[in-house]
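Asker: Mind having a look at this structure? Questions to follow.
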Amino acid sequence: MRYVFKKNRHGIQLKSAAQVEKMRAAGLVVARTLELLRTTVQPGMTPLDLDVVAEEAIRNEGAIPSFKGYQGFPATICASVNDEVVHGIPTDRRKLREGDIISIDCGAILDGWHGDSAITVGIGEVDPALTELMRVTEEAMWAGIAALRVGGHLSDIGFQVERYVRSQGRYGIPQEYGGHGIGTEMHMDPWVANHGRPGRGPKFEAGMCFAIEPMVNLGTDRTRVLDDDWTVVTIDGRPSAHFEHSVAVTEDGPLVLTALDGGASRFPRAGAGVTPETGDTTP
């Protein structure tokens, strides 16, 4: 199906209210899939086991996995364990063990629109330093999302992400990876940095949609890509965490498309009228 949409003068796609609702539907497929994976993952499973569960869940909702086949990527989810930062390929070559952490990045296409989100989950009981790493990364994501206010600037996202992380201790923020625009394609302009100075770049307008996704390392910010040309790992071998939500800019604040409650727990006005369980608009 061909959709008509506007772009601002910077070439950023602007969605109508009806199109944002379509993106919300795609986002909910991703949200429900990640919640299923969060409750399913346990010691002894392999990342490939999780991939099978994810693909079945997405297809059972009438959606298509965004990642599978994207630029040759072979799986439905990215599954990045411990020192793997992003883009880990799920395989059955290793089993998850108590104390591991795993980042699960998931995307789905529904009716031509994309949803994209990621969580990091601890396997059983994990080291308190890893629990704190996950907390800091998730809170940094929410700090970046809070910057999505009409009239703000693109660089405000990265500024808020970095400011929060730096306030929490000595962590590494990989400079070469970040978020992106999202809509009729999974990755669209603009690129969204997780660092920088505020008040720069395009101004936010209602109808813009972005995937906000900080990656935070327990050690250095330096990374390398493995020989599979996908998996990014930390140079020092220390763990990394990753959280992501797809978010729409509205006149009332950020609407979190891939959160079951639309982000109402964080941004009550933007999330108003969205029921937590389904994301349906209340009468």
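The values are calculated or read from the model by the stated rules, or taken from the named source; none is laboratory data. Note that the structure is a prediction, hence the values are computed from the model and not measured. Here the Cβ positions follow ideal geometry from the backbone for every residue, glycine too, while neighbour counts run over all protein chains shown.
Asker: Looking at R200, R166, which one is basic (K, R) and part of a loop (DSSP other than H, G, I, E, B)? Spell out the reasoning first.
Answerer: Details: R166 fails: part of a loop (DSSP other than H, G, I, E, B).
R200 is the lone residue from the list that is basic (K, R) and part of a loop (DSSP other than H, G, I, E, B).
Asker: Hey, can you tell me all the residues within the stretch 110-145 that are over 30 Å from G44 (Cβ atoms), in contact (Cβ under 8 Å) with a residue 40 or more places away in the chain and crowded, with 18+ Cβ neighbours inside 10 Å?
Answerer: L110, W113, H114, A140, W142, G144, I145
Asker: Identify the single condition in (1) at pLDDT 95 or above; (2) closer than 27 Å to G207 by Cα that R9 does not satisfy, given that it satisfies every other one.
Answerer: Answer for R9: the failing condition is (1).
Asker: Just need a number here: residues in the stretch 231-250 that are touching a helix residue (DSSP H, G or I) at 6+ places or on another chain (Cβ under 9 Å) and in a loop (DSSP other than H, G, I, E, B).
Answerer: Summing the residues that are touching a helix residue (DSSP H, G or I) at 6+ places or on another chain (Cβ under 9 Å) and in a loop (DSSP other than H, G, I, E, B) in the stretch 231-250 gives 2.
Asker: Still on this model: Is one or more of the residues making up the stretch 57-73 without any contact (Cβ under 8 Å) to a residue 40 or more places away in the chain and crowded, with 24+ Cβ neighbours inside 10 Å? Before you say what the answer is, go through the steps one by one.
Answerer: Taking the stretch 57-73 as the starting set, the residues that turn out to be without any contact (Cβ under 8 Å) to a residue 40 or more places away in the chain are 57, 59-60, 68-69, 71-72.
This time we only want the ones that are crowded, with 24+ Cβ neighbours inside 10 Å, so: none.
No, there is no match, as no residue in the stretch 57-73 is without any contact (Cβ under 8 Å) to a residue 40 or more places away in the chain and crowded, with 24+ Cβ neighbours inside 10 Å.
Asker: Going through the stretch 156-179 one residue at a time, which ones are at negative phi and surrounded by fewer than 20 Cβ atoms within 10 Å (Cβ to Cβ)?
Answerer: Result: R163, R166, S167, Q168, R170, Q175, E176, Y177.
Asker: So, in the stretch 36-56, exactly how many residues are of a type outside the set (A, V, I, L, M, F, W, C), under 13 Å from G107 (Cα atoms) and touching a residue at least 24 places away in the same chain (Cβ under 8 Å)?
Answerer: Final tally of qualifying residues: 1.
Asker: Residue pairs, Cβ under 8 Å, 6 or more apart or interchain, first in the stretch 189-206 and on the phi > 0 side of the Ramachandran plot, second among the hydrophobic types (A, V, I, L, M, F, W, C) and surrounded by 15 or more Cβ atoms within 10 Å (Cβ to Cβ). List them.
Answerer: Final answer for the pair search is G196/F159; G201/L154.
Asker: Which of the following residues is closer than 15 Å to P239 by Cβ and surrounded by fewer than 24 Cβ atoms within 10 Å (Cβ to Cβ): V81, V53, V41, V85? First the steps, then the outcome.
Answerer: On the way: V53 fails: closer than 15 Å to P239 by Cβ; V41 fails: closer than 15 Å to P239 by Cβ; V85 fails: surrounded by fewer than 24 Cβ atoms within 10 Å (Cβ to Cβ).
Of V81, V53, V41, V85, the one residue that is closer than 15 Å to P239 by Cβ and surrounded by fewer than 24 Cβ atoms within 10 Å (Cβ to Cβ) is V81.
Yes/no per residue for (1) among the basic types (K, R); (2) modelled with pLDDT of 95 or more; (3) crowded, with 24+ Cβ neighbours inside 10 Å:
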{"residue": "P190", "(1), (2), (3)": "no, yes, no"}
{"residue": "V216", "(1), (2), (3)": "no, yes, yes"}
{"residue": "D221", "(1), (2), (3)": "no, yes, no"}
{"residue": "V225", "(1), (2), (3)": "no, yes, no"}
{"residue": "S240", "(1), (2), (3)": "no, yes, yes"}
{"residue": "A248", "(1), (2), (3)": "no, yes, yes"}
{"residue": "T258", "(1), (2), (3)": "no, yes, yes"}
{"residue": "R269", "(1), (2), (3)": "yes, no, no"}
{"residue": "A272", "(1), (2), (3)": "no, no, no"}
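Asker: Still on this structure, please answer the following. How many residues does the stretch 129-155 hold that are on the phi < 0 side of the Ramachandran plot and not in a helix (DSSP H, G or I)?
Answerer: Quick first cut of the stretch 129-155, residues on the phi < 0 side of the Ramachandran plot only: 129-150, 152-155.
Add one more test, that the residue is not in a helix (DSSP H, G or I), and what stays is 147-150, 152-154.
The qualifying residues number 7.
Asker: Now, a different point. Hey, could you check the stretch 215-247 for residues that are of a type in the set (V, I, T) and out of contact with any Asp or Glu (no Cβ under 8 Å at 6 or more places or on another chain) and say which is nearest to G122 (Cα to Cα)? Spell out how you get there, then give the answer.
Answerer: Of all residues in the stretch 215-247, those of a type in the set (V, I, T) come to 216, 220, 223, 225, 231-235, 247.
From what's left, out of contact with any Asp or Glu (no Cβ under 8 Å at 6 or more places or on another chain): 216, 225, 235, 247.
Values: V216: 15, V225: 23, I235: 22, V247: 25 Å.
The extreme case among them is V216.
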